[in-house]
Amino acid sequence: MINKCLVLLFCVLAAAPAFCAQHVALHPRAGFDSAEQETIRQIVDMERQAKEASLRRDAEFSLRTLAEDYVAITPLGQVTTKSETVSARRSGQLRYESMNVTDMVVRLYGDTAVVTARADVKGHQLGEDFSGPYRYTRVWVRRNGHWQAVSYQATVTQ
């Protein structure tokens, strides 16, 4: 048990520079092994890249990492597809000025990873301010050796 705790601590510390003081909690199952550690590291890195891509309005990241059947649900309950997400990034109608991700939890279920986190964002969509605190869930699925986001949902919090 102590070895598993040390491995978990190492994994958290190794991921820390990627998130610059952002909190990442990992919930291992019994038998937490090196393959799971690597998978968690990969997911934490995908989340870091997703944050950076949002800030840079990088549509190419979305093209590469969103599954064809990707669906996102906005805080207002609107359903958004991959093509709509890519289009919003390309057009500049969605602009993030800053994003601080905290309280991240990664759960693994075979080739599926579920991420929950808190994000304090500052930004505008079509000129409307959407700044504030949110909680989100993103689901990643490993297909043909590559991680793809298949679902995302965000909720406004207080």
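Nothing in this text is a laboratory measurement; each read-out follows from the coordinates by a stated rule. Note that this is a predicted model, so its numbers are computed, not measured. Every residue, glycine as well, gets a Cβ built from its backbone with ideal geometry; the counts of neighbours run over all protein chains shown.
Using the Cβ-Cβ distance between Q125 and E38 with R0 set to 35 Å, the FRET efficiency works out to roughly 0.45.
An oblate overall shape is assigned to segment 53-158, the ratio a/c of its alpha-carbon gyration tensor axes (a ≥ b ≥ c) being 1.5 or greater and a/b not exceeding b/c. Ordered by the number of other Cβ atoms lying within 10 Å of each residue's own Cβ, fewest first, L63, L76 fall into the sequence L76, L63.
Exposure proxy shown here: for I40, I73, the number of other Cβ atoms within 10 Å sets the order, fewest to most, as I73, I40. Taken along the Cα-to-beta-carbon direction at a fixed 7 Å, the label points for V156 and L55 span 2.5 nm.
In order along segment 97-111, the Karplus-derived 3J(HN,Hα) couplings, from 6.51 cos²θ - 1.76 cosθ + 1.60 at θ = phi - 60°, round to 8, 7, 7, 10, 9, 9, 6, 6, 10, 10, 10, 10, 9, x, 8 Hz, and Gly and Pro are given as x.
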